[in-house]
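To start, the structure under review is shown below, and the notes come after it.
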Amino acid sequence: MTKFRWRDSPETVARLVKTETIKTWKTSDVTLNPNEACAFIEDGKIGDVMSEDVVRNIGGGFARFMGDFLGRKAKDRRMLFAMTGPMDITVPFIHPLGDGQSAKGVAQFRLQIRKGDLPKLLNLFANRAPVLDRVNLSLIIGQEASHRVIAPSLSSVESLAELRGFELQERFQMRSDKELRPLLQAMGLTMLSAMLITHQTDLERLSALQHSLRAATDTEGAQAEAEVQRLAHRESVTLRRIECEMNIQRGKAKGQVMIEVEQELHELRKQEAVWEAELKRDHARAELDAKKMEDKTAVAMSLFNEVQERKKERMKTSNDLQESMMRLAAENGALTPEVMQEFLRQQGGQAPPAVPHPCPACQQIVQPEWNVCPHCGA
């Protein structure tokens, strides 16, 4: 058993198959999907129409081969396969509008082959190839649709607003249903819907181009403004970075100077402390020396005073002794001129009292304790 496929392309809509064209050693079967139908024609008579079923022994096989080989011809059997689901057929058009523009686009017709109308497709295959696809179907209905539906519908359009309006689509739908119904019914087709799909006109393309140019200009302006803002931001960031680096360098330099100043101040304080210690040491040494000098002076003065006291005592003792001796000599009558002379000689060892004397320079009288003449400065 061999599986027979009647549809090899998604564009295929219907196909008329003669059973004698199926040449296989085994008999062929065909499986019909829910959106597929098959009508059997035997000796010019339309038989059953089947769908959603498996049709067995539709052709081929060794028995048929032997019959053909022996010259025994079978009956004329044909099978008409078709798609029963909705399909879109497009018809291109170019038509001028009332304002001088040209409308370009396609008219889209949504058609369907119903199971009961499947035998009417034989009218299409009477003078055409056994395979019907979307392109051929568009050519079949295109000419009549262009002259009877598309042109009358667009001839009353005066502007682009009417072309894009909902009223045109309704008018086109009603006119299509009215004008194309006889043709479609004759071919076993049912129209489900119809609509106009128009492309951009020259004016719309011009408007779109102008809009795109304005958008490009605005975009370029926005990009330029954004670039300027970005450059300004980059400039401010760079200046701020430079300022921060300068502040850092300034801070480092200031810190270095402060460190050096603190080091110098520390050194000066150390030197000042050394000098103050030396000054205290010298002052203490000077005080000690002065103290020593004062002590020495005090000791010397005390010794001098002691010597003077002893000298005075000795002189007093000597004077008293001499007076006693003179008194004793006078009492004993021994006070002779020789004794007096010896006494005076002994008394002559003492220094005579100081008396005022004239200045050698100015001959003015000066006191013996004066070191300088107050009159002439000599």
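Can you say whether I197 is within 30 Å of R134 (Cβ to Cβ) and either aliphatic (A, V, I, L, M) or in a helix (DSSP H, G or I) (or both), as far as the supplied structure shows? Yes; evaluated as a whole, the condition is true for this residue. Do we find a residue being among the polar types (S, T, N, Q) and surrounded by 11 or more Cβ atoms within 10 Å (Cβ to Cβ) anywhere in the stretch 205-218? Yes, that holds for at least one residue. Pick out the one residue from Q185, Q173 that is of a type outside the set (F, W, Y), without any contact (Cβ under 8 Å) to a residue 40 or more places away in the chain, part of a helix (DSSP H, G or I) and surrounded by 13 or more Cβ atoms within 10 Å (Cβ to Cβ). Just a single option satisfies the conditions, and that option is Q173.
Filter the stretch 132-154 down to the residues that are in a helix (DSSP H, G or I) and within 59 Å of the chain's Cα centre (by Cα) and list them by number.
Passing the criteria: R134, V135, S138, I150, S153, L154.
Here is a yes/no grid of residues against (1) over 17 Å from F93 (Cα atoms); (2) modelled with pLDDT under 85:
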| position | (1), (2) |
| --- | --- |
| N127 | yes, yes |
| G142 | no, no |
| A145 | no, no |
| S156 | no, yes |
| M174 | yes, no |
| L189 | yes, no |
| L196 | no, no |
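Consider M195 carefully, then state whether it is closer than 24 Å to L111 by Cα, open to solvent by less than 90 Å² (accessible area, probe 1.4 Å) and not small (G, A, S). The answer is yes for M195. For the criterion of being part of a helix (DSSP H, G or I), modelled with pLDDT under 80 and open to solvent by less than 20 Å² (accessible area, probe 1.4 Å), G59 fails. Residues in the stretch 104-125 that are surrounded by 19 or more Cβ atoms within 10 Å (Cβ to Cβ) and modelled with pLDDT under 85: L124 alone. Of the residues that make up the stretch 157-170, is at least one part of a strand (DSSP E or B), touching a Leu at 6+ places or on another chain (Cβ under 9 Å) and open to solvent by less than 60 Å² (accessible area, probe 1.4 Å)? No, the stretch 157-170 contains no residue that is part of a strand (DSSP E or B), touching a Leu at 6+ places or on another chain (Cβ under 9 Å) and open to solvent by less than 60 Å² (accessible area, probe 1.4 Å).
The values are calculated or read from the model by the stated rules, or taken from the named source; none is laboratory data. Owing to the predicted nature of the structure, the values given are computational and were not obtained by experimental measurement. All Cβ positions, even for glycine, are placed from backbone atoms using ideal geometry, and neighbour counts span all protein chains on display. SASA here: full protein model, heavy atoms, side chains in, ligands and nucleic acids out. Shrake-Rupley method; radii C 1.70, N 1.55, O 1.52, S 1.80 Å.
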